[in-house]
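Input: a single structure, listed below in structure tokens.
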Amino acid sequence: MKIFLDTAAVDELKKGLEWGLVDGVTTNPSLIAKEGKPYREALKEVLAIVPGPVSCEVLATEAGAMVEEAKVLADLGTNVVIKVPFTPEGLKATRTLHGLGIPVNVTLVFSPNQALLAAKAGAAYVSPFVGRLDDIGHDGMELVAQILEMFANYGFETEVIAASVRHPDHVKQAAMMGCHIATVPFKVLQACFKHPLTDIGLENFLADIKKAGIRW
Ligand code: G3P
């Protein structure tokens with residue numbers, strides 16, 4: 001499973017890249033707003049340091065304007081993926097951009113049928129938001145499983161990005177069901193490292209090394 005970082009914070013991206021764990025990045029207007037930089041400047045910084053695909057979201061809501069913005073964004077780097085919201089206008093833009101050879105990530109997907117329509121429009125990626133579904137008492141990961149099954153039935157090449165990931169169990173479940181990608185906030189990536197027995201085990205090794213005076 002590919003791991004994308006769901007952040008526009010350069011320090012987080014640099015750390016993830018040092019660990020060799022960043023296959024790509026997803027951003028959205030809310031994440032860019034947190035960085036307090038002009039929209040396209042913030043995206044350019046991310047695109048410059050990340051070798052993999054970077055989802056850059058359009059701000060317009062009408063298809064023609066989305067396509068115009070997408071063309072500008074696509075010129076910012078060879079690794080740009082255009083993120084569009086799941087709306088009828090978003091799907092119109094997706095079809096046009098697919099025809100132009102520009103990859104699209106359709107975001108704000110909350111149902112299997114939305115994912116199906118996005119794939120049929122030529123989306124390279126769909127992003128079901130698992131955490132936000134869990135928040136309202138649904139099972140976000142069940143949606144991911146349903147989309148994967150649906151795409152496998154018809155051989156769609158659209159990749160599924162488990163998004164709105166809130167904790168390491170979402171990551172584990174996504175990997176166990178064969179999801180193509182999980183996009184994770186930096187703190188969730190950090191949490192994936194953690195196990196108390198690993199920490200205790202290392203403490204014990206270090207204490208024994210000291211006690212026995214072991215040297216390299
Ligand atoms: O990738 C989508 C993600 O940024 C949404 O996450 O935590 O705002 O639901 P969240």
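List of remarks:
- Under the span-like rule (Cα at least 15 Å along the axis, Kyte-Doolittle mean at least 0.5), DSSP H helices of the chain: 63-74, 140-154
- The stretch 1-60 and the stretch 79-144 have Cα centres lying 18 Å from one another.
- Charge context of Asn204, other residues only, Cβ under 14 angstrom, K/R +1, D/E -1: -1
- Net charge of the neighbourhood of Gln173, taken over other residues with C-beta under 15 Å away and scored Lys/Arg +1, Asp/Glu -1, is -3.
- A dipole drawn for the chain from +1 and -1 charges on Cβ atoms has a positive end, and of Ile32, Pro51, Phe156 the residue lying farthest that way is Pro51.
- Think of each Lys and Arg Cβ as +1 and each Asp and Glu Cβ as -1; about the Cα centre, that makes the dipole of the chain roughly 420 debye.
- Given charges at Cβ of Lys, Arg, Asp, Glu: the stretch 1-150 dipole, positive-most of Val130, Leu91, Thr78: Thr78
- Extended-chain gain in nm, criterion 0.36 nm per residue less alpha-carbon gap, Ile136 and Met1: 45.9 nm
- Heavy atoms of the protein chains alone define the surface here; on that basis the chain has 52 Å² accessible area per residue at 1.4 Å probe size.
- Other residues lying with their Cβ under 14 Å from the Cβ of Phe129 contribute a combined charge of -3, Lys and Arg counting +1, Asp and Glu -1.
- With 32 Å as the limit on Cα-Cα distance, the pairs of Lys2/Lys34; Lys187/Lys211; Lys2/Lys211 that go past it are Lys187/Lys211; Lys2/Lys211.
- Straight-distance candidates among the aspartates and glutamates for linking to Lys37, with alpha-carbon spacing under 14 Å and chain neighbours fewer than 8 residues away dropped: Glu45.
- With all protein chains in place and a 1.4 Å probe, the accessible surface of the chain carries 57 percent carbon and sulfur.
The values are calculated or read from the model by the stated rules, or taken from the named source; none is laboratory data. As the structure is a computational prediction, the values presented were derived from the model and not from experiment. Neighbour counts run over all protein chains shown; Cβ positions are idealised from the backbone, glycine included. All accessible areas refer to the heavy atoms of the entire protein, side chains included, with ligands and DNA or RNA removed. Shrake-Rupley method; radii C 1.70, N 1.55, O 1.52, S 1.80 Å.
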